[in-house]
Amino acid sequence: MDKVIVHKYGGSSVATVSRIRRIAGNIVRYKKKGYDVVAVVSAMGDTTDELLTLANKVNKNPAERELDLLLSTGEQVSSAILAMAVQNRGYPAVAFTGFQVGIITDSAFTKARIMKINADRIKKELKQGKIVVVAGFQGMNLDMEITTLGRGGSDLTAVALAKSLDAEVCEIYTDVEGVFTADPRIVPSARKIRRISYDEMLELASLGAKVMQARSIEFAKKYGVRIHVRSSFNTKPGTIIMEEVKEMEDIYVTGVAVDKNEAKITICDVPDKPGIAAHIFSKISERNINVDMIVQNVSRQGYTDVSFTVSKTDLSKTVEIAKKVAREISASDVIIDDKIAKVSVVGVGMRSHAGIAAKMFKALANNKINIEMISTSEIKISCVIRARHAEKAVKTLHKAFELHKLKR
Ligand code: ADP
Ligand code: ASP
Ligand code: MG
């Protein structure tokens, strides 16, 4: 078999017919260079959002099984159209759904995990000289139900296929020239990072930098899949996501990210005794909901307030559970706050440098941005602030850490 390359084209890269034609040209270029090409595609433009809106018009709380069946169609359309565009250039191409190429997932509809890939079918087609186009974002569980891999999940399809096919590299084609020190739409002076470690990218992605899906990076790190994030509009080199090398630690902060997709829930007057937190959070995790930050206030007269954040998409489910638990434990109230944002700084250099948190808090304070919750890990610091301050906070931190001068 020739050396394999996996390409992934995001929604904006396949939004129009002329863009799809251009991408077909890029795929053929790699085929001519001697690669076996597997191209993973997202749905065209805003198709996924439009399908979600459609579902919500008939049901505010649609069943997740049917939601996945619906959402997976977006990628079916773009994969078939892209294969046709390649065929039109005189090259044999074949398009598949996730199910057809053996992407087996668990049954967590809307955020399924890949359990196994049987890549025999793809290998067979490549051997026959065909270009293989795969509908991203989807798989099938063991009951043959169609599942989706979470928003941005085509990245995961691409990385997982790159691993299964032992590809030389997984190229992620998108609408920016790589991974930047902050979202270039918020901070125009943001710099492209030439090389970033899996850990930094994983944090940035988990903390809101939607350029890569977090799970795809988790997978890439686990199996050492090399990723190149680059523009689908030009041929400039982008960002390589790779294993950490020593010099990366020389930079304390590599990027700033912001996430406005979380909401805060507070359960008021929770009895302060052993087992209560375990009770609250096990009820939530039983429903497959990820809790992010948790803060428990100082106890007064045996009672305390517990606040935590979840993704806005899980908010109504979580509130329902929180209200039920509140009744069970005789808590007085459940308060919902969906006007928050989480702003974070990330960098492997933080491991060996003190004072980053202080500098972050000071920069926010100097700009009159109040911090409501804080969480840290080895290589990141996150603060919850008011949503209306989100963009100002990103710009402030980008400047405070002089990221417009970053050289890496
Ligand atoms: P695609 O449709 O190609 O998957 P996405 O919209 O999912 O593209 O991701 C690309 C977008 O991510 C960019 O348009 C940019 O606005 C946003 N983004 C957020 N943070 C960053 C960052 N640090 N570097 C680059 N892009 C970022
Ligand atoms: N179309 C899906 C989404 O919008 C998957 C993807 O684009 O990666 O989330
Ligand atoms: Mg994406």
* Are any residues in the stretch 192-220 more than 15 Å from ligand 2 (Cβ to nearest atom), within 19 Å of residue 154 (Cα to Cα) and surrounded by fewer than 19 Cβ atoms within 10 Å (Cβ to Cβ), and if so, which ones? -> 218
* Asked: Where in the stretch 290-375 are the strands (runs of 3 or more DSSP E), entirely inside, with at least 1 residues that are over 27 Å from residue 254 (Cβ atoms)?
  -> 291-296, 303-311, 333-337
* Structure fact -> Taking the stretch 26-43 and the residues there that are within 23 Å of residue 137 (Cα to Cα) and outside any loop (DSSP other than H, G, I, E, B), the one that is farthest from ligand 2 (Cβ to nearest atom) would be 36
* Here are 28, 6, 14, 38: which of them is in contact with a Cys (Cβ under 6 Å, 6 or more places away or on another chain) and of a type in the set (A, V, I, L, M, F, W, C)? -> 6
* For the subset of the stretch 14-43 comprising residues that are within 16 Å of ligand 3 (Cβ to nearest atom) and closer than 18 Å to residue 132 by Cα, which member is surrounded by the most Cβ atoms within 10 Å (Cβ to Cβ)? -> 41
* Which of (1) within 22 Å of residue 211 (Cβ to Cβ); (2) among the β-branched types (Val, Ile, Thr); (3) within 16 Å of ligand 2 (Cβ to nearest atom) does residue 146 not meet, given it meets every other one? -> (1)
* Structure fact -> Filter the stretch 221-235 for residues that are more than 14 Å from ligand 1 (Cβ to nearest atom) and of a type outside the set (Val, Ile, Thr); the one that is surrounded by the most Cβ atoms within 10 Å (Cβ to Cβ) is 221
* Determine which member of the set 386, 327 is over 26 Å from the mean Cα position of the chain (by Cα) and of a type outside the set (S, T, N, Q). => 327
* Asked: Is it true that residue 30 is within 20 Å of residue 94 (Cα to Cα) and without any contact (Cβ under 8 Å) to a residue 40 or more places away in the chain?
  -> yes
* Structure fact -> Flagged in the stretch 364-383 as more than 22 Å from the chain's Cα centre (by Cα), crowded, with 18+ Cβ neighbours inside 10 Å and under 18 Å from residue 182 (Cβ atoms), in numbering order, are 364, 369
* Take the stretch 1-13 and flag every residue that is touching a Phe, Trp or Tyr at 6+ places or on another chain (Cβ under 7 Å), under 18 Å from residue 94 (Cβ atoms) and surrounded by fewer than 18 Cβ atoms within 10 Å (Cβ to Cβ). => 2
* Asked: Are any residues in the stretch 44-57 of a type outside the set (Asp, Glu), within 15 Å of ligand 2 (Cβ to nearest atom) and surrounded by 11 or more Cβ atoms within 10 Å (Cβ to Cβ), and if so, which ones?
  -> 44, 45, 47, 48, 51, 52, 54, 55
* Is there a residue in the stretch 172-182 that is under 19 Å from the mean Cα position of the chain (by Cα), farther than 26 Å from residue 373 by Cα and more than 10 Å from ligand 1 (Cβ to nearest atom)? -> no
* Asked: residue 60 fails exactly one of the following numbered conditions: (1) out of contact with any Asp or Glu (no Cβ under 6 Å at 6 or more places or on another chain); (2) part of a loop (DSSP other than H, G, I, E, B); (3) within 16 Å of ligand 2 (Cβ to nearest atom); (4) at negative phi. What is the number of that condition?
  -> (3)
* Asked: Quick one: which of 295, 310 is modelled with pLDDT of 95 or more and within 28 Å of residue 396 (Cβ to Cβ)?
  -> 310
* Are there any pairs with C-beta distances below 9 angstrom linking a residue in the stretch 162-191 that is at pLDDT 95 or above and crowded, with 17+ Cβ neighbours inside 10 Å to a residue that is among the aromatic types (Phe, Trp, Tyr) and part of a strand (DSSP E or B), with the two at least 6 apart or on different chains, and if so which? -> 172/9; 173/9; 174/9; 187/180; 190/180; 191/180
* Structure fact -> Going through the stretch 64-103 in order, the residues found to be touching a strand residue (DSSP E or B) at 6+ places or on another chain (Cβ under 7 Å), surrounded by fewer than 19 Cβ atoms within 10 Å (Cβ to Cβ), of a type in the set (A, V, I, L, M) and more than 24 Å from residue 163 (Cα to Cα) are 69
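The values are calculated or read from the model by the stated rules, or taken from the named source; none is laboratory data. As the structure is a prediction and not an experimental result, all values here were calculated from the model. All Cβ positions, even for glycine, are placed from backbone atoms using ideal geometry, and neighbour counts span all protein chains on display.
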